[in-house]
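Q: Have a look at the structure that comes next, please.
The values are calculated or read from the model by the stated rules, or taken from the named source; none is laboratory data. On a predicted model such as this, the values are computed, not experimentally measured, just so you know. Surface areas here come from the heavy atoms of the whole protein model, side chains and all, with no ligands, DNA or RNA. Shrake-Rupley method; radii C 1.70, N 1.55, O 1.52, S 1.80 Å.
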Amino acid sequence: MKYDSVVVFTTHFKITGKISRTDTLLKIVSKTKIKIMKILKLLTLAILMFSCNNEEQIIENAKNNELERNSTLSSNNYLGIEAIFMPELNTSYCQDGNNILVFQDENHFISTLEYLEKLVEDTDDSFMAQYGYMNPDDLDDFEESIGYEEQNPLIDFENNLNFCSLRKYINNLENQWLDQQTQSFDPTGDPEEQFAFGISDWEEMTLYNQNGEVIVGKFLYKLINNGEGWVQIDLNNPDLSNIVSIINQNHNSNTGQSNNTNLDATTVRLIESMGASVINVNNNNVFCKDYVNRSKFEVIDNGNRIKARQKMKVGTFNYTIVSKTVSYKWRNNKWKRRRNNIDAGFKETKLVYPSNTPACNNVSDYDNSRNISNRRSRKYSDRINRNNFGWGWKYNNTLGTKSYHYINGNVIFWNLPI
């Protein structure tokens with residue numbers, strides 16, 4: 001409207017014969033037009049630049065968020081956890097960091113584990129709420145470009161404690177193993193099966209060192225027999241170093257680790273005579289089973305595999321029940337844990353007690369799952385306080401379990417006798 005009023009005004013002056021004033025105003029209008037055109041050009045350029053840089057800005061913001069995530073854990077003071085270096089522990093993988101964590105008591109250990117489990121899930125939920133609109137391949141590329149990984153909260157936890165964890169050790173081995181895979185995929189030699197002491201959860205691996213050791217209260221706990229048992233050693237025991245050395249010397253020669261150590265009766269008597277307590281939780285009776293820990297790879301198609309895992313075990317401080325689905329995808333000529341729509345659970349499986357009698361009375365029915373979610377791994381889990389070793393498992397009134405695994409519309413039931 002201002003432009004029209006100026007034109008009218010100049011016309012008025014032309015009619016009245018005031019030509020000099022009219023020429024001046026026309027010049028003003030002309031200059032105004034040029035300025036407007038320049039402004040419009042600048043605005044157009046700015047819009048184009050914003051459009052071109054919008055994706056880069058999203059990536060940059062995401063990178064900054066990743067850089068800032070360390071502050072999340074530091075404010076929690078790591079729940080009073082201490083990381084120390086004990087030279088008597090044979091942790092060759094840990095050259096420059098602390099090689100064992102110290103917890104106040106069993107509850108402290110469990111609460112830390114539950115905290116990490118929730119933190120990992122909440123962090124990934126938050127990430128997907130912000131970026132989950134992308135298609136799978138673009139999201140995969142985006143995550144790699146900013147260095148996002150579901151395990152980032154665990155990495156932060158370790159870094160802030162300068163701790164060399166079992167998780168880091170296994171994760172590096174798995175990456176090396178996957179790098180050697182062709183598209184046909186050979187599940188032989190899965191590092192998690194060979195070295196992880198029966199621990200299938202990255203959060204729990206974060207709390208142990210590479211030899212499956214942790215300090216809780218006044219005891220050092222060392223996992224043995226592929227996680228089916230452990231050795232408890234008083235920290236004031238003058239033979240602590242010798243006991244640890246004896247156990248490590250009995251490792252499986254094929255793996256070079258104490259993960260698969262099956263201590264023979266002579267070794268057990270020896271370390272018990274030195275003050276150690278040896279607990280083997282596997283109850284191999286014909287009625288029920290105290291310990292189940294197994295996994296298998298399932299072929300979905302040429303580009304997708306899942307690792308299905310069942311775990312029911314008496315852990316060092318609790319009874320753990322886990323069904324887990326891990327997604328692996330072939331992309332860019334490489335197998336890697338990548339996102340898929342997955343789920344996990346149990347079907348028609350019963351937790352029973354006592355496990356050493358034919359009755360095996362039912363305690364709980366496990367016929368449930370989580371919900372389908374776009375993740376690299378999905379687990380259904382329950383944790384029961386350990387107050388005895390009488391727990392056992394049955395599937396459909398027989399000695400066995402049945403787990404449920406889902407990926408992209410494919411439902412897999414894994415029913416195996418124990």
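Q: Can you send over the carbon and sulfur percentage of the accessible area for segment 127-250, probe radius 1.4 Å, protein chains only? Kindly include the intermediate steps, with their values, before the conclusion.
A: Working: 1920 of 4420 Å².
Within segment 127-250, the accessible surface is 43 percent carbon and sulfur.
Q: What whole-number distance in Å separates the alpha-carbon centres of segment 200-220 and segment 318-342?
A: If we compute the Cα centre of each part, the gap is 23 Å.
Q: Could you sort Thr188, Thr267 by accessible area so the largest value comes first, with the probe set to 1.4 Å?
A: So, going from the largest accessible area down, we get Thr188, Thr267.
Q: A further question on this structure: Rolling a 1.4 angstrom probe over the protein heavy atoms, how many square angstrom per residue are accessible across segment 141-229? Write down the numbers at each step before the final one.
A: Details: 2670 Å² over 89 residues.
The answer is 30 Å² per residue.
Q: Let me ask you something else. Would you mind computing Rg(Cα) / (2.2 N^0.38 Å) for segment 71-228, counting N as its residues?
A: Rg over 2.2 N^0.38 Å, computed on Cα atoms: 1.12.
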